[in-house]
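Could you have a look at this structure, given as structure tokens, before my questions?
The values are calculated or read from the model by the stated rules, or taken from the named source; none is laboratory data. These figures come from a predicted structure and were not determined experimentally. We place every Cβ from the backbone using ideal geometry, glycine too, and count neighbours over all the protein chains shown.
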Amino acid sequence: MIIDKTEVQAINSFSRSESLSELIWLFVPILILILGIIIGLLVIVWLEREISAAIQQRIGPEYAGPLGILQALADGTKLLFKEDLLPPRGDMRLFSVGPSMAVISILLSYLVIPFGYRLVLADLSIGVSLWIAISSIAPIGLLMSGYGSNNKYSFSGGLRAAAQSISYEIPLTLCVLSISLLSNSSSTVDIVEAQSKYGFWGWNLWRQPIGFLVFLISSLAECERLPFDLPEAEEELVAGYQTEYSGIKYGLFYISSYLNLLVSSLFVTVLYLGGWNFSIPYIELFRKNQMDGVFGMAIGIFITLAKAYLFLFISITTRWTLPRMRMDRLLNLGWKFLLPFSLGNLLLITSSQLVSL
């Protein structure tokens, strides 16, 4: 069979167009995820201002858009156009890379979060382990920012951030290992599926109450939320490692804080609250075979986000309810209480799994 030049060119052009379309469709889910994260951040900022205003009996944002929903967008635009000041005699490379490292390390954690049935960007067999490994990079960015600022207050805040993160990262990791042992998998999708087998009472919230409390406290400390906001306590450290930052670099720290809060709430949903599954005692709704199609996916996303925003409401309320802890007491809580409890919980789960074998 003889193929002329025009047919060869047509085949090559078709293969090029097919590879281009595959490349485009590769980036479409990533863009959709980034857009959803941005909208989620705007909603969190608006909710925090409204809830804190209600708790303190004052008026929240109300002029930028209906009910003040565009206030966060206005603040971001202002930070984008503000002057980017650089500290004299500081390390410019560390000073510039620190905020980006903090944001990127947290953004990568969203790759393994299942927002619904078959709605996950990367279903990896080491999903939760990857999240733990990636989240450990963010404190390095904070320490780089504090050191690169050539400021004693900033460096002290960076050291506090690193010490706090290490203190609460270990109990959080032990709680995640307990969930992996209980589910016989480190995949986030498998963990949700393991909880869905038993309905409402199969949620890890009921099977792991101690682990849930330790994970809840540790995640708040990882997000540097009150009462664990010592690294950036304005009264003590002049905003900590953020002291020398302005403009968009300061905005990146602001974004990373809420990104970390959102990803922690989503992992609480996945690990302990059954993910996209919704059921009430003796009645299970939206089984797996009902989650297919556009409507089923929308229901799964809604259930996941509803559970996540419940955790966000708890964290926001905690911020305006409890006083700030002292630094030595904060470290004592992590090393002397949460670490032994999480380690004992892990040993208990391990022994129960061995007995069942």
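Restricting to region 238-271, and then to whatever is in a helix (DSSP H, G or I) and among the β-branched types (Val, Ile, Thr), can you tell me which residue is nearest to residue 96 (Cα to Cα)?
Looking at residues that are in a helix (DSSP H, G or I) and among the β-branched types (Val, Ile, Thr), I get 248.
For residue 110, which of the numbered conditions (1) more than 14 Å from the chain's Cα centre (by Cα); (2) modelled with pLDDT of 85 or more; (3) not hydrophobic (A, V, I, L, M, F, W, C) fails to hold?
Residue 110 satisfies every listed condition except (1).
Further question on the same structure: Would you please list the contacts, defined by Cβ atoms under 9 Å and residues six or more apart or on different chains, that run from a residue in region 104-124 that is within 20 Å of residue 274 (Cβ to Cβ) and assigned by TED's automatic domain parsing to the domain that holds residue 296 to a residue that is in a helix (DSSP H, G or I) and charged (D, E, K, R)?
Here the result reads 117/288; 123/190, each pair linking region 104-124 to a residue that is in a helix (DSSP H, G or I) and charged (D, E, K, R).
Would you please list the contacts, defined by Cβ atoms under 9 Å and residues six or more apart or on different chains, that run from a residue in region 77-93 that is surrounded by 10 or more Cβ atoms within 10 Å (Cβ to Cβ) to a residue that is outside any helix (DSSP H, G or I) and among the aliphatic types (A, V, I, L, M)?
92/86
Let me ask something else. Could you list, in sequence order, the residues of region 319-342 that are assigned to a helix (DSSP H, G or I) and surrounded by 16 or more Cβ atoms within 10 Å (Cβ to Cβ)?
Result: 319, 330, 331, 333, 334, 338, 339, 341, 342.
Quick one: in region 128-187, which of the residues that are among the charged types (D, E, K, R) and crowded, with 18+ Cβ neighbours inside 10 Å is farthest from the chain's Cα centre (by Cα)?
Restricting to residues being among the charged types (D, E, K, R) and crowded, with 18+ Cβ neighbours inside 10 Å, the top hit is 160.
State whether one or more residues within region 54-62 are at positive phi, free of Cβ contacts under 8 Å to residues at least 40 places away in the same chain and not assigned by TED's automatic domain parsing to the domain that holds residue 226.
yes
Among the candidates 64, 54, which residue alone is of a type in the set (Gly, Ala, Ser), farther than 25 Å from residue 158 by Cα and assigned to a loop (DSSP other than H, G, I, E, B)?
Among 64, 54, only 64 is of a type in the set (Gly, Ala, Ser), farther than 25 Å from residue 158 by Cα and assigned to a loop (DSSP other than H, G, I, E, B).
When the residues of region 212-249 are filtered to those that are of a type in the set (Gly, Ala, Ser) and modelled with pLDDT of 80 or more, which remaining residue is surrounded by the most Cβ atoms within 10 Å (Cβ to Cβ)?
The qualifying residue surrounded by the most Cβ atoms within 10 Å (Cβ to Cβ) is 218.
Sticking with this one: Is it fair to say residue 6 is modelled with pLDDT of 85 or more and of a type in the set (Val, Ile, Thr)? Outline the logic, then answer.
Numbers: modelled with pLDDT of 85 or more: no; of a type in the set (Val, Ile, Thr): yes.
Criteria not met by residue 6.
Any idea how many residues of region 190-202 are surrounded by fewer than 22 Cβ atoms within 10 Å (Cβ to Cβ) and modelled with pLDDT of 85 or more?
3
Going by the conditions given, is residue 279 small (Gly, Ala, Ser), crowded, with 16+ Cβ neighbours inside 10 Å and modelled with pLDDT under 85?
yes
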